[in-house]
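Report on the structure given below.
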Amino acid sequence: MRRAIGMAIVTTVLMAGAVRAQTPAAQGGMAADATGACRADMDKLCSGIEPGGGRMKDCLRQHVAELSPGCRKTLRKLAKAAQESGAMEWIRACRDDVGKVCQGVEPGGGRVVACLQSHSDQVSPGCKKALPAQ
């Protein structure tokens, strides 16, 4: 049960980081918090993994039981912030669309959101409705 909860937190936070709403706080501070708090875990558990394409997320998810308390705490905090901001609604609604329409887009800096918005004619109705306004 704890492992499932931990995996959900890692997935939520990392997915939020990949397709985060375009607010200055979301783009900078929160992502930096996760990277800083989890850097040692990433170096220890995922040292041979090249970032990008969801590879780091998958690695951390595989090692969720081994994450340090500081990393877990930060990921929980970021998951809560993403949920409170409403970002989780469109992240869930657009998950499949990201893979189909914006697969090659490098996450971060609002690039995935911009891709989805610029291809709104190709995304599912649920995603289109849940996307933040431009």
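Looking only at the stretch 74-101, count every residue that is at pLDDT 80 or above, exposed (fewer than 14 other Cβ atoms within 10 Å of the Cβ) and of a type in the set (Gly, Ala, Ser) and tell me the total.
Result for the stretch 74-101: 1.
Scan 110, 104 and give me the residue that is on the phi > 0 side of the Ramachandran plot and at pLDDT below 85. Talk me through it step by step, then tell me what you get.
Working: 104 fails: on the phi > 0 side of the Ramachandran plot.
After applying the criteria, what remains is 110.
Examine the stretch 20-35 for a residue that is in a loop (DSSP other than H, G, I, E, B), aliphatic (A, V, I, L, M) and at pLDDT below 85, and state whether such a residue exists. Steps first, please.
Initial filter on the stretch 20-35 (in a loop (DSSP other than H, G, I, E, B)): 20-23.
Subsequent filtering for residues that are aliphatic (A, V, I, L, M) retains 21.
Then drop every residue that is not at pLDDT below 85, which leaves 21.
Among the residues of the stretch 20-35, at least one is in a loop (DSSP other than H, G, I, E, B), aliphatic (A, V, I, L, M) and at pLDDT below 85, which makes the answer yes.
Would you list the helices (runs of 4 or more DSSP H) that sit entirely within the stretch 64-134 and hold 2 or more residues that are charged (D, E, K, R) and over 27 Å from residue 41 (Cα atoms)?
87-101, 125-130
The values are calculated or read from the model by the stated rules, or taken from the named source; none is laboratory data. The structure displayed is predicted, hence computed values, not measured ones. Backbone-built Cβ (ideal geometry, glycine too); neighbour counts: all protein chains shown.
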